[in-house]
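Working notes, structure below.
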Amino acid sequence: MKVKAKAKGGAVEVKLIAKHPMESGQAKDKEGNRIPAHYIERLTAEVGGETVFAANLGPAVSKNPYLKFYYDGAVGDKVSLHWRDNKGMEASAEATVK
Amino acid sequence: MNRRLFLFKGAAFAAGAALLARAQTALAAAWPSGAFDRDDTAAAIKELFGAEKYAEDAGIEFRAPEIAENGAVVPLQVRYKGPAKAVAIFVEENPKPLAAAFELGEKGAANVGVRIKMGHSSLVHAVVQKPGGELLGTVKEVKVTIGGCGG
């Protein structure tokens, strides 16, 4: 997961890209077999133990999901990000607000 | 300890643990599977927010391309300057309309950008839930040149 967190106009802007295939379950492979759905379900952002933002994603979100969100914070905050997908895989990342 | 007392204590402990768990995850930790499973937009809005209809609100800034050449990556941004606790995006013509549902904590702002897949040209709804539960929304048509759901 690539994360950038920047104080901007009194708020913090967080931009992230999570590496994930986000298979919709609609696509087929070369042999015509349906590729099973595989997608991030939930991504959360915590600052100082408080959840500031949570994204519930469906299979319609693009491959390698890009998200941008804002919260009321400041330079130096540590933003902890975590996602879990529909197969139980997980990943975490942390960014310090600049 | 007799059996009844044991059961009582067990129940009290379970209730306490449940309360604690709820307090720790002020934002519901569950992915709303029911809403993601609906194949009709009104039904998906109802499942997610408890009401089928939203009030049209010009205060919602919804950025979406008029024409998306590549349906695999359609950039969307929803912004509402007032207080809000949730934002969701519904694509009428997708197999399952709910694309993404965002929960905003006390410090979160209703200003979210995401990239989604669209199989066909469609009306796309941006819905904002105010802290009191009231639903506001707006809709835009996005024309898709090449669909983005594979197959």
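Counts of other chain beta carbons within 10 angstrom of each beta carbon in peptide A:44-53 average 5. The stretch B:22-98 and the stretch A:57-98 have their alpha-carbon centroids 18 Å apart. Summing Lys and Arg as +1 and Asp and Glu as -1 over all other residues whose Cβ lies under 12 Å from the Cβ of B:Lys96 gives a net charge of -4. Neighbours of B:Glu106, meaning other residues whose beta-carbon lies under 15 angstrom from its beta-carbon, give a summed charge of -2 when Lys and Arg score +1 and Asp and Glu score -1. Say the cut-off is 19 Å between C-alpha atoms; which of A:Lys4/A:Lys87; A:Lys30/A:Lys87; B:Lys46/B:Lys81; A:Lys2/B:Lys85; B:Lys81/B:Lys130 go over it? Correct reply: A:Lys4/A:Lys87; A:Lys30/A:Lys87; B:Lys46/B:Lys81; A:Lys2/B:Lys85.
Take each residue in A:21-27, count the other chain C-beta atoms within 10 Å of its C-beta, and the mean is 5. Peptides B:38-49, B:65-76 ordered by packing proxy, namely the average of other Cβ atoms within 10 Å per residue, highest first: B:38-49, B:65-76. Over all other residues within a Cβ to Cβ distance under 9 Å of A:Lys6, the charged ones net out to +3, with Lys and Arg as +1 and Asp and Glu as -1.
Computed from the coordinates by the stated procedures, all read-outs in this text should not be read as laboratory data. Bear in mind the structure is a predicted one, so any value in this text is a computation, not a measurement. All Cβ positions, even for glycine, are placed from backbone atoms using ideal geometry, and neighbour counts span all protein chains on display.
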